[in-house]
Amino acid sequence: MRFANQRQDPGHPGVNLAAGVLLLAHPTMEDPRFRRTVILLSAHAEGGSLGVVLNNPTGRMLGEFDAGLEKSALAGTPLYTGGPVAAGQIILAAWKWTELDSSFQLYFGIDGEKAGKLQENSPEFKLRGFLGHAGWSEGQLEAECEQGAWLVAPLSRTIDTVEGDAMWRSLIGEVSPEMRLLADEPEDPSIN
């Protein structure tokens, strides 16, 4: 899949949910599975939506997780917690930014052979393994966005340069200064 890197204003209604956008958990989200997460939405259609959490590294590599991969070219691939659905299943994804046409090229749900060839032939691809994914049934994600649980943002190179909560904070700051202030509030208001 190739996505044009079009800057949209995610703070305004009308930013469309579509494959290739980022979902940022609203700073007030309390669901521990998604608090302060950044999700790459890889599919959005009539039947529902699917994505992976980009900013929850496990601190392990594929070779540490799966003994069958410890001597393969994929052994050093970073492993992330992709979401609560099918948490034991590994999803491989690879992406790169293309300077020529300012686009984002994504291979999602690829097999090990394809991932290895991409890594060998095009080292500019970022390869990631995800344990599980996030999924929504038809209309569920739209309803959550309308309730304010998610902010929809365009793709950003921040996903390649920052990890964990820092990725979420940086992307929230790109949405608006108000969201950045909310993100910086202490979790315990008594220490404010």
On the given criteria, is ALA94 closer than 18 Å to ARG157 by Cβ, at pLDDT 95 or above and open to solvent by less than 20 Å² (accessible area, probe 1.4 Å)?
-> yes
Go through the stretch 111-137 and give me each residue that's closer than 26 Å to HIS44 by Cβ and not small (Gly, Ala, Ser).
-> ASP111, LYS114, LEU118, PHE125, LYS126, LEU127, ARG128, PHE130, LEU131, HIS133, TRP136
Keeping to the stretch 70-85, report how many residues are among the acidic types (Asp, Glu) and modelled with pLDDT of 95 or more.
-> 0
Only one of GLU142, GLU124 that is open to solvent by 60 Å² or more (accessible area, probe 1.4 Å) and in a helix (DSSP H, G or I) = GLU142
Could you tell me whether the stretch 82-90 includes any residue that is open to solvent by 50 Å² or more (accessible area, probe 1.4 Å) and more than 14 Å from ALA134 (Cα to Cα)?
-> no
Scan the stretch 155-164 residue by residue and report those that are in contact (Cβ under 8 Å) with a residue 40 or more places away in the chain, surrounded by 20 or more Cβ atoms within 10 Å (Cβ to Cβ) and either over 11 Å from the mean Cα position of the chain (by Cα) or part of a helix (DSSP H, G or I) (or both).
-> ILE159
Tell me, please, whether a residue that is closer than 18 Å to GLY51 by Cα and in contact with a helix residue (DSSP H, G or I) (Cβ under 9 Å, 6 or more places away or on another chain) can be found in the stretch 82-91.
-> yes
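Quick grid of which residues meet (1) modelled with pLDDT of 95 or more; (2) farther than 30 Å from LYS114 by Cβ:
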{"residue": "ARG128", "(1), (2)": "yes, no"}
{"residue": "ALA134", "(1), (2)": "yes, no"}
{"residue": "SER137", "(1), (2)": "yes, no"}
{"residue": "GLY148", "(1), (2)": "no, yes"}
{"residue": "PRO154", "(1), (2)": "no, no"}
{"residue": "THR158", "(1), (2)": "no, no"}
{"residue": "ASP165", "(1), (2)": "no, yes"}
{"residue": "ARG169", "(1), (2)": "no, yes"}
Specify the residue that is surrounded by the most Cβ atoms within 10 Å (Cβ to Cβ); the eligible residues are those in the stretch 64-79 that are under 16 Å from ALA115 (Cα atoms) and touching a residue at least 24 places away in the same chain (Cβ under 8 Å).
-> THR77
Evaluate the stretch 176-183: report whether one residue or more is part of a strand (DSSP E or B) and either surrounded by 17 or more Cβ atoms within 10 Å (Cβ to Cβ) or modelled with pLDDT under 95 (or both).
-> no
So LEU151, is it in a strand (DSSP E or B) and in contact (Cβ under 8 Å) with a residue 24 or more places away in the chain | yes
If you check GLU113 against the conditions, is it farther than 17 Å from LEU24 by Cβ, among the charged types (D, E, K, R) and either exposed (fewer than 11 other Cβ atoms within 10 Å of the Cβ) or in contact (Cβ under 8 Å) with a residue 12 or more places away in the chain (or both)?
-> yes
Residue check for GLY129: among the small types (Gly, Ala, Ser) and either open to solvent by 30 Å² or more (accessible area, probe 1.4 Å) or out of contact with any Ser or Thr (no Cβ under 7 Å at 6 or more places or on another chain) (or both) | no
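The values are calculated or read from the model by the stated rules, or taken from the named source; none is laboratory data. In this text, all values refer to a predicted model and were calculated from it rather than measured experimentally. Glycine gets a Cβ as well: all are built from the backbone with ideal geometry, and neighbour counts include every protein chain shown. With ligands, DNA and RNA removed, areas are computed over all heavy atoms of the protein, side chains included. Shrake-Rupley method; radii C 1.70, N 1.55, O 1.52, S 1.80 Å.
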